[in-house]
1. Tell me which residues come under 5 Å, amide H to amide H, from Arg156 once H is placed; ignore anything under 5 positions away on its chain.
2. Could you tell me the largest-minus-smallest coordinate of the C-alpha atoms of segment 4-187 on each of the three principal axes, in descending order and whole angstroms?
3. Given 20 °C and 1.002 mPa s, how large is the Stokes-Einstein diffusion coefficient of segment 92-143 in µm²/s, with Rh as the Kirkwood radius over Cα pairs?
4. What do you get for trypsin sites (Lys or Arg not before Pro) in segment 92-181 restricted to DSSP loop and a cutoff of at most 15 other Cβ within 10 Å of the site's Cβ?
5. Assuming 0.36 nm per residue, please report the length gained on full extension of the stretch Leu87 to Glu146 beyond their Cα-Cα distance.
6. Just to be sure I understand the model, the point goes 7 Å from the Cα along the line to the Cβ. What's the resulting Glu5 to Glu139 distance in nm?
7. Where the centroid of each part is defined by its Cα atoms, how far is segment 59-80 from segment 100-173 in Å?
8. Using R₀ = 22 Å, calculate the FRET efficiency as 1/(1 + (r/R₀)^6) where r is the Cβ-Cβ separation of Gln50 and Arg165; round to 0.05.
Amino acid sequence: MLSLERLTGDIADALQAEDASRPKHKNFRPGIGPFGEPQIVKAIATRLRQIGGPYSKTVTKRLPDLLIPQEWAIEVKLARPFGDNDLEWEHWSESLLHPYPGNRSVLAGCLKLIDRAGPERRSVAIIGYEHSPPRLNLEAVIRAVELIASEVCRVRLGKRCELVRAGLVHPVHQQSRLVTFEVLGVRDQVWWFSASLRLRVETFAGNEQEQTTQ
């Protein structure tokens with residue numbers, strides 16, 4: 001069985017190796033820091049497949065973002081307070097903390113994973129980028145994720161796994177901070193039934209809207 005500790009280390013290694021290749025995204029400066037979630041997840045999947053073993057059939061999907069068959073279903077979110085221009089983004093933490101089903105926050109990712117069928121264990125991975133040393137410490141927002149998940153969304157998270165890798169090539173995104181949690185389930189089944197029903201209705205409505213516009 002692939003442990004979350006090993007998975008976290010292998011993803012951190014994959015990010016560092018990809019960054020060392022000095023990749024360039026659009027008109028941003030070299031480095032993996034400016035990449036969007038889809039590009040980062042794709043790069044992770046490619047690097048993990050190169051390891052082989054339990055990662056040999058790793059794929060990217062709509063849900064979950066990253067699937068390691070028979071091992072892990074992983075939702076990936078970015079925590080990036082500063083842009084390529086070294087200016088702080090005003091609303092950067094909203095994509096992490098929004099506590100409702102049907103959006104793309106870390107907390108909504110937990111709810112989607114709980115609602116997903118399959119043999120894989122479930123995890124959320126927060127990929128943060130910071131100055132070295134950090135000008136804005138990500139600990140506060142990560143702790144807020146833990147508290148809102150537990151006290152508001154009734155989600156049971158496992159022990160936090162966290163790795164920092166310094167020496168990245170981008171002048172702003174100088175180090176990565178990877179935080180992972182296993183998503184164990186919910187503490188309030190009545191609340192979860194209501195949230196799950198809402199998520200299914202919103203998903204159905206979104207699919208219907210896509211079909212009518214095609």
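Derivation of every value follows stated rules applied to the coordinates shown; laboratory data play no part. All of these numbers come straight from a predicted model, not from anything done at the bench. In this analysis, Cβ positions are derived from the backbone assuming ideal geometry, glycine residues included, and neighbour counts consider all displayed protein chains.
1. Long-range HN contacts for Arg156: Leu184, Gly185, Val186, Arg187.
2. 42, 38, 25
3. Working: Rh = 12.6 Å.
It comes out at roughly 170 µm²/s.
4. On the way: sites: Arg104, Lys112, Arg116, Arg121, Arg122, Arg135, Arg143, Arg154, Arg156, Lys159, Arg160, Arg165, Arg177; in loops: Arg104, Arg116, Arg135, Arg154, Lys159, Arg160.
Sites meeting the loop and neighbour criteria: Arg104, Arg116, Arg135, Lys159.
5. 18.6 nm
6. Using points 7 Å along Cα→Cβ, the separation is 2.2 nm.
7. So the separation of the two Cα centres works out to 12 Å.
8. 0.75
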